[in-house]
Amino acid sequence: MARQSKAGVINCDLGMSKPFDIELERLTSQAPYSEIARGAAAGQRGTFFLETFGCQMNDHDSEKVAGLLLSRGYQQVETPEAASLILYNTCSIREKAAQKVFSRLGEYREKQNEGKVIGVLGCVAQQEGEEIFKRAPWVSLVCGSASYRKLPDMLTQLEAGNQRVTGLDTDTDATFETEVTRRDNPWRAYLTIIEGCDKACSYCVVPFTRGPERSRGSDSILKEVRQLAELGYSEVQLLGQTVNSYADPTPRKMRFSELLLAVADVQGIRRVRFTTSHPSDFTPDIVEAIEGQPKICDHVHLPVQSGSTRVLRAMQRTYSREVYLEKIAMMRDANRPIAITTDIIVGFPGETEFEFEETLSLLDEVQYDNLFSFKYSPRPNTPSLSMSDSMSEEEKGRRLAVLQDRQREIQSAKNARLVGKRFEVLVSGKSRRENQWSGYTTSHRMINFASQERELLGTYVQVRVTGASPNSLVGDHAV
Ligand code: SAH
Ligand code: SF4
Ligand code: F3S
């Protein structure tokens, strides 16, 4: 679900900019709007700039942090220059992502002299902790995602003149819920249903940076979905690092597939998405839910990481190539076609040429609709750090390029077969070029299309595919 490197047609980034000026009515709120509006309009507490890197969970956390700050009377601004509080929500999944944090913090150095407060949130904050104060003494706030509930207290401490505050606990049962969430996209709403991760993949920082798994109660999820529908959202995307490991803590004990169906039943909801699914918890009832309820989108992101059972074992992924292929077969047997996407790591310690070729043969076998591929990056605290990572960067790069070429061929052929087909598209982007729009199909394919209509944003339209390349589809508005 991270987006740093990708080789394909389905673009995880929304084909639209992130507007800052969403009307207050769009804020999801249990608190009276007028109260929030008063605080926000007055900007009594100053202004904040919030920059976000990483996965959709980080994007959504930032939406919640923004909501929290707005409800406390801060105003959101578009540049660090205009802000009194600069917050940086960080990602640590690969070394490059983490390095970027410190170079960005370097740029903020002189901002502290201008009296600005600088804070680091997210996965690098959790991972590096107080070390951040040593490397960047101009930072005053360091807070990991499991402690965001404490942000209001931390801000109060800073306002009271405290120089340095931290929120680094991960031993919390709570999930991060806010009274107000300032969502970036007016049609698709993210909703985290499970935080943290209890898997222990040997290369991955997430269990350290996001803490143990905590599921949110189904009653509170459904209440928020009803509110979202009332506010005009028609698509919801349920989020979790292992979204399908969802374990309802309420007495209803809804299974993940039951939750999908219950969300789809909410009046006004037209599309339900979910990401990321872990293969080991991907059970037949999820496929049955997709088959039986067209509002549940026909797209499953099922990261495989490697096509070699030996490497999967070294990665502690808890399934073999064969078991993974059984999950794929389950989807291929469904009475509704399901688009399948994946994540792959090349150059894991000890990966032989033969094992890499097993990954290539898996691509041929599965015929993914898209994939995100990464060179293995050794990360702090992870078990694979102690495995010898002797492969050169050049060789990792070569394997990545070979893999991406193979996938490009697959996508080229798959997309060519879509020409002439009609899809329902939720229009989410408008090009600067006249009469050009873009949006996503239920299977999360992005289509650029032409239409003479004056206003289509946020509507559902039928689009006929007229052309395809490995990475994109083009079409015409079909009436
Ligand atoms: N929870 C999801 C993915 C989380 S991170 C899952 O289990 O699939 C998103 C992707 O980043 C992973 O699927 C993996 O492909 C990649 N990734 C994670 N750690 C990495 C590392 N140390 N080096 C390279 N890629 C990594
Ligand atoms: Fe990381 Fe594995 Fe958890 Fe995914 S399932 S977040 S890869 S530890
Ligand atoms: Fe997401 Fe990056 Fe953290 S991928 S969970 S923001 S390490």
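The values are calculated or read from the model by the stated rules, or taken from the named source; none is laboratory data. Quick caveat, the model's predicted, so the values are computed rather than measured. Every residue, glycine as well, gets a Cβ built from its backbone with ideal geometry; the counts of neighbours run over all protein chains shown.
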| message | Restricting to region 217-248, name every residue that is farther than 19 Å from ALA146 by Cα and within 16 Å of ligand 3 (Cβ to nearest atom). | response | GLN237
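Residues checked against (1) surrounded by fewer than 22 Cβ atoms within 10 Å (Cβ to Cβ); (2) without any contact (Cβ under 8 Å) to a residue 12 or more places away in the chain; (3) within 15 Å of ligand 2 (Cβ to nearest atom); (4) assigned to a loop (DSSP other than H, G, I, E, B):
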site: ARG313; (1), (2), (3), (4): yes, yes, yes, no
site: ILE328; (1), (2), (3), (4): no, no, no, no
site: ALA334; (1), (2), (3), (4): yes, no, no, yes
site: PRO337; (1), (2), (3), (4): yes, no, no, yes
site: ILE340; (1), (2), (3), (4): no, no, no, no
site: GLU351; (1), (2), (3), (4): no, no, no, yes
| task | Residue by residue through region 177-226, note down the ones that are farther than 30 Å from LEU457 by Cβ and among the β-branched types (Val, Ile, Thr). | result | ILE194, VAL205, VAL206, THR209
| Has region 461-469 got at least one residue that is among the charged types (D, E, K, R) and either touching a Pro at 6+ places or on another chain (Cβ under 8 Å) or crowded, with 19+ Cβ neighbours inside 10 Å (or both)? | no
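Would you check which residues across region 368-387 are outside any helix (DSSP H, G or I) and either more than 9 Å from ligand 1 (Cβ to nearest atom) or among the polar types (S, T, N, Q) (or both) and list them?
Those that are outside any helix (DSSP H, G or I) and either more than 9 Å from ligand 1 (Cβ to nearest atom) or among the polar types (S, T, N, Q) (or both): TYR368, ASP369, ASN370, LEU371, SER373, SER377, PRO380, ASN381, THR382, MET387.
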| task | Hey, can you tell me all the residues within region 179-199 that are assigned to a loop (DSSP other than H, G, I, E, B) and within 16 Å of ligand 1 (Cβ to nearest atom)? | result | ILE193, GLY196, CYS197, ASP198, LYS199
| message | Whether any residue in region 180-193 is farther than 24 Å from PRO380 by Cα, modelled with pLDDT of 95 or more, within 16 Å of ligand 2 (Cβ to nearest atom) and not polar (S, T, N, Q) is what I want to check. | response | yes
| Mind checking whether some residue in region 213-234 is in contact with a strand residue (DSSP E or B) (Cβ under 6 Å, 6 or more places away or on another chain), more than 14 Å from ligand 2 (Cβ to nearest atom), without any contact (Cβ under 8 Å) to a residue 60 or more places away in the chain and aromatic (Phe, Trp, Tyr)? | yes
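Residues checked against (1) within 28 Å of PRO284 (Cβ to Cβ); (2) under 27 Å from the mean Cα position of the chain (by Cα):
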site	(1), (2)
ILE345	yes, yes
GLU358	yes, no
LEU371	yes, yes
TYR376	no, yes
PRO380	no, yes
| message | If ALA413 satisfies all but one of (1) in contact (Cβ under 8 Å) with a residue 40 or more places away in the chain; (2) in a helix (DSSP H, G or I), what's the number of the condition it fails? | response | (1)
| task | Name every residue in region 445-479 that is without any contact (Cβ under 8 Å) to a residue 12 or more places away in the chain and acidic (Asp, Glu), in order of residue number. | result | GLU455
| Quick one: which of PRO207, PRO212, PRO251 is within 16 Å of ligand 3 (Cβ to nearest atom) and surrounded by fewer than 16 Cβ atoms within 10 Å (Cβ to Cβ)? | PRO212
| Within region 168-178, can one find any residue that is assigned to a strand (DSSP E or B) and either within 19 Å of the chain's Cα centre (by Cα) or in the same structural domain as VAL120 (by TED's automatic domain parsing) (or both)? | no
| query | Among the residues of region 145-156, is any within 27 Å of SER257 (Cα to Cα) and outside the structural domain of SER306 (by TED's automatic domain parsing)? | reply | yes
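Is it the case that GLN404 is in contact (Cβ under 8 Å) with a residue 24 or more places away in the chain, over 30 Å from ASP198 (Cβ atoms), crowded, with 17+ Cβ neighbours inside 10 Å and among the polar types (S, T, N, Q)? First the steps, then the outcome.
Numbers: in contact (Cβ under 8 Å) with a residue 24 or more places away in the chain: yes; over 30 Å from ASP198 (Cβ atoms): yes; crowded, with 17+ Cβ neighbours inside 10 Å: yes; among the polar types (S, T, N, Q): yes.
Yes: the conditions hold for GLN404.
If we scan region 355-371, do we find a residue that is free of Cβ contacts under 8 Å to residues at least 40 places away in the same chain, outside the structural domain of SER92 (by TED's automatic domain parsing) and either of a type in the set (A, V, I, L, M, F, W, C) or under 21 Å from GLN407 (Cα atoms) (or both)? Write out each step before concluding.
To start, the set of residues in region 355-371 that are free of Cβ contacts under 8 Å to residues at least 40 places away in the same chain comprises 357.
If we keep only those that are outside the structural domain of SER92 (by TED's automatic domain parsing) too, we end up with 357.
Narrowing further to those that are either of a type in the set (A, V, I, L, M, F, W, C) or under 21 Å from GLN407 (Cα atoms) (or both): 357.
Yes, region 355-371 contains at least one residue that is free of Cβ contacts under 8 Å to residues at least 40 places away in the same chain, outside the structural domain of SER92 (by TED's automatic domain parsing) and either of a type in the set (A, V, I, L, M, F, W, C) or under 21 Å from GLN407 (Cα atoms) (or both).
I need a count of the residues in region 407-435 that are farther than 19 Å from ARG270 by Cα and either surrounded by 19 or more Cβ atoms within 10 Å (Cβ to Cβ) or at pLDDT 95 or above (or both).
Filtering region 407-435 down to residues farther than 19 Å from ARG270 by Cα leaves 407-421, 430-435.
Narrowing further to those that are either surrounded by 19 or more Cβ atoms within 10 Å (Cβ to Cβ) or at pLDDT 95 or above (or both): 407-421.
The total comes to 15.
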| request: Restrict the check to region 144-160 and report whether at least one residue is at pLDDT 95 or above, outside any loop (DSSP other than H, G, I, E, B) and either surrounded by fewer than 19 Cβ atoms within 10 Å (Cβ to Cβ) or within 16 Å of ligand 3 (Cβ to nearest atom) (or both). | output: no
